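Written below as structure tokens is the structure these notes are about.
Every number here is computed from the coordinates shown, using simple stated rules; none is lab data. Here the structure is a predicted model, which means the values were calculated and not measured. A quick note on method: Cβ atoms are made from the backbone with ideal geometry, for glycine too, and the neighbour counts reach across all protein chains shown.
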Amino acid sequence: MEIKQFIADFADQFDETELNEFQPKTEFRELEEWSSLAGLAILNMIGKKYGVKISASEIKGIDTIEALYNLVLSKK
Amino acid sequence: MMKAYIKAVDYYLPDRILTNEEIARLFPQWSAEKVASKVGILERHIAADNETATDMAFKAAQKLFSNNSHLRESLDFILLCSQSVDYKLPSSSCILQHRLGLKNTCGALDFNLGCSGYEYGLAMAKGLIVSGVATNVLLLTAETYTKYIHPEDKGNLTIFGDAATATIVSTDGFGEIGEFELGTDGSGAEYLMVKTGGSRIVNRTGNVTLDSNGNNKWDDNLYMDGGTIFNFTSDVVPTMVERLLEKEKISQDDIDLWIFHQANKYMINYLRKLMEIEKDKFFIYMEKVGNTVSSTIPIAITEALKQERLHGNVLLAGFGVGLSWGATVIRCK
């Protein structure tokens, strides 16, 4: 599992945000297109694609894509 | 074997409109643009204080008859889908038989379902027709969820609107009703619920607790665990569609138009991407109405008809409170 692929899967949940805005250090809540629904879609994608269940409360303390990736890794 | 068809469909919206600008004024941390881009809804209609779901079902049916006056006399069954009926008893459908001036040989029953209700209504109407019990069924959907929503519940206030629809299912019409795939998972009942006011907890409690996501959960108001409903939908809908296509012996490419329950634009687009459905075959109509529960699909059908987009195989799929889901294919001329 590579962070590059994870970022691509993360970016797939957005329609309008430029791809280069998705970097490991990107604070995803600061993205213009971010919403709680996008958060639900990302958790759902992680469950489906990575087989890892992350709850909405677990993601609360996570700010960057990299930190989310590390959380997924730690649960695999 | 006798076949069943959708013959006519129309809908009614209450007068009062709640705009995104008003929502942004009520909740200053939200902008109107943000609301619009998130959920794809610009405005929703709100039933008046003295206007019930049964009143709206009456108006939807009257509107349908005003364009098809000859159909009123032919009706021999009423099915009303609503979770906001007038009384504990009698059924609102019985009251509507009288208010609509339908003959006394008309059967009538209410059924309590939400976002999957239209598919269940079509399944029952088809059953009544194919078995020879009825010939012309008036299927009504009517909901006033906005009366259940707590005034501080900005999420649900943004999504839901009130509406009613009227459909005539008959032995002829523009769309033949095909196979069905229906399902239920009552273990998820608590995730979309109005807890008090029924026989289990008769009186309002005034209780509000925090759910596992830190959102308010009011006993006396509509509660929806958005995350669980999101996951449920993305698990259930692709499998339901796959099974339906197997029953129909057709493939995904054979579907000319997809009409999903219009939950919110973000979520149904997520489903569309997940299921690799072409964007131009995926019908969305919610900007001016919002999520009207059991009425979203018949409203979308009415609008698709106006836009002349109902051709070939049209797949309808509803999912939500229960938890409950249902899908069917309509073969349009």
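Points worth noting:
- Sparsely packed GluC sites (Glu not before Pro) within region B:267-333, loop by DSSP, other Cβ within 10 Å at most 10: B:276, B:308
- Among B:92, B:173, B:12 the positive-end extreme of the charge dipole of region B:5-174 (Cβ point charges): B:173
- Among beta bridges from DSSP that stay inside region B:5-174, the antiparallel ones total about 65%.
- Evaluating 6.51 cos²θ - 1.76 cosθ + 1.60 at θ = phi - 60° for every residue in region B:248-258, the Karplus couplings come out as 7, 6, 10, 10, 4, 5, 7, 7, 8, 8, 10 Hz, glycine and proline recorded as x.
- Antiparallel DSSP beta bridges within chain B, as percent of all bridges there, nearest 5: 70
- Whether region B:178-219 is rounded, prolate or oblate, judged on the alpha carbon gyration tensor where a/c under 1.5 counts as rounded: oblate
- Scalar couplings 3J(HN,Hα) for region A:38-50, obtained by applying the Karplus form with A = 6.51, B = -1.76, C = 1.60 to θ = phi - 60°, are 5, x, 5, 5, 5, 4, 5, 4, 4, x, 6, 8, 10 Hz; x denotes Gly and Pro.
- Residue with peak Gaussian network fluctuation, chain B [Cα springs, cutoff 10 Å], from B:185, B:253, B:219: B:253
- Cα-based Rg / Dmax (Å) for chain A: 11.1, 30
- Computed over region B:8-53, the Cα gyration tensor eigenvalues convert (square root of 5λ each) into semi-axes of 25, 15, 6 Å, ordered from largest to smallest.
- Number of partner chain Cβ atoms within 10 Å, mean per residue of A:45-54: 1
- Rounded Å value of the spacing that divides the Cα centres of region B:230-260 and region B:271-333: 12
- For residue B:81, the residues 5 or more places off, or on other chains, whose built amide H falls under 5 Å of its own are B:111, B:140, B:141, B:142.
- Theoretical ellipticity at 222 nm over chain B - DSSP helices of four or more residues, -39500 (n - 2.57) apiece, nearest 500: -9500 deg cm²/dmol
- Average other protein chain Cβ within 10 Å of Cβ, residues A:33-39: 5
- Expressed to the nearest 5 percent, the antiparallel share of DSSP beta bridges inside the protein assembly as shown is 70 percent.
- Rg(Cα) / (2.2 N^0.38 Å) computed for region B:52-133, rounded to two decimals: 1.06
- Volume of the Cα convex hull of region B:5-174, divided per residue and given in Å³: 121
- Separation between Cα centres of region B:1-37 and region B:200-220, rounded to whole Å: 26
- 20 °C / 1.002 mPa s Stokes-Einstein diffusion coefficient of region B:179-332, Kirkwood radius on C-alpha pairs, µm²/s: 128
- DSSP-loop trypsin sites (Lys or Arg not before Pro) across region A:1-40, with at most 14 other Cβ within 10 angstrom: A:25
- Cut-off under 5 Å, modelled amide H: who pairs with residue B:160 long-range: B:291
- Cβ-Cβ FRET estimate between residue B:48 and residue B:251, R0 fixed at 35 Å, reported to 0.05: 0.15
- Cut-off 11 Å between beta-carbons: net charge of the residues surrounding residue B:64, Lys and Arg +1, Asp and Glu -1: +3
- Residue-normalised convex hull volume from the C-alpha trace of chain B: 135 Å³ per residue.
- Measuring nothing but alpha carbons in the protein assembly as shown and taking Rh as the Kirkwood radius, the Rg to Rh ratio lands at 0.98.
- Between the alpha-carbon centres of region A:1-66 and region B:104-123 there is a gap of 41 Å.
- Sorted on the mean count of surrounding Cβ atoms within 10 Å across their residues, most packed first, peptides B:167-176, B:73-82, B:93-102 read B:73-82, B:167-176, B:93-102.
- Region B:167-173 - phi-based ³J(HN,Hα) in whole Hz, Karplus 6.51/-1.76/1.60, Gly and Pro as x: 10, 9, 10, 8, 7, 8, x
- Candidates B:206, B:183, B:155, ranked by Gaussian network fluctuation over chain B, Cα under 10 Å, top entry: B:206
- Packing here is the average count of other Cβ atoms within 10 Å per residue, and on that basis the peptides B:12-21, B:63-72, B:323-332, B:293-302, highest first, run B:293-302, B:323-332, B:12-21, B:63-72.
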